[in-house]
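Input: a single structure, listed below in structure tokens.
Nothing in this text is a laboratory measurement; each read-out follows from the coordinates by a stated rule. None of these values were measured; they are calculated from a predicted model. Cβ sites come from the backbone with ideal geometry, for glycine too, and all protein chains shown count toward neighbours.
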Amino acid sequence: MKQTEAFIKHPLATEKSVRLMEAENKLVFIVERKSTKQDIKEEAERLFKIKVEKINTVITPQGKKKAYLKLSPETPALDVATELGLI
């Protein structure tokens with residue numbers, strides 16, 4: 001991974017993403033389309049000081065790539081979202 005390259009563009013704060021934060025301890029981000037799951041995991045752990053257990057990605061009909069990050073139980077997604085100013 002190149003240090004000058006940012007794979008995570010911005011977090012999503014939709015109704016669905018807030019529900020995922022509360023129920024499943026997940027955060028949702030829009031990421032670079034060319035980024036891999038490993039790139040996203042490394043950057044998220046480095047930037048937000050979190051532990052990521054699993055990542056699912058999807059390409060939206062608009063051509064954007066969405067990443068769903070499942071966080072470890074000791075890292076509540078709501079706390080991270082509050083630090084990011086989403087809630």
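Kindly put D79, D39 in sequence by how many other C-beta atoms sit within 10 Å of each C-beta, fewest to most.
Ascending number of Cβ neighbours within 10 Å: D79, D39.
Cross-link partners among lysines for K66, C-alpha distance below 16 Å, same-chain residues fewer than 8 apart left out?
K9, K16, K26, K34, K37, K41, K54
Long-range amide H contacts for L12: which residues qualify at under 5 Å (H placed 1.01 Å from N, peptide plane, sequence gap of 5 or more or a different chain)?
V28, F29, I30
Given the Cα-Cα distance of L84 and K64 and 0.36 nm per residue of separation, how much length would full extension add, in nm?
Length gained, L84 through K64: 5.1 nm.
Per DSSP H run of at least 4 residues, take -39500 (n - 2.57); add these up for the chain, divide by its residues and hand me the 222 nm value, nearest 500 deg cm²/dmol.
Per the formula, -10000 deg cm²/dmol.
Under the rule a/c < 1.5 gives rounded, and otherwise a/b versus b/c splits prolate from oblate, where does the chain land using the Cα gyration tensor?
Oblate is the answer for the chain, as a/c is 1.5 or above yet b/c matches or exceeds a/b.
Tell me, what ³J(HN,Hα) does each residue in region 31-41 have, in order and in whole Hz, if you take phi through Karplus 6.51 cos²θ - 1.76 cosθ + 1.60 with θ = phi - 60° and put x for Gly and Pro?
Those phi angles translate into 10, 4, 5, 7, 6, 9, 4, 5, 4, 5, 4 Hz.
Could you give me the ³J(HN,Hα) list for region 14-22, computed from phi with Karplus coefficients 6.51, -1.76, 1.60 and θ = phi - 60°, whole Hz, x at Gly and Pro?
Once rounded to whole Hz, the list reads 8, 4, 5, 5, 5, 4, 5, 4, 6.
Tell me the net charge near S72. Cut-off is 11 Å between Cβ atoms, S72 excluded, with +1 for each Lys or Arg and -1 for each Asp or Glu.
Charge balance near S72 sits at 0.
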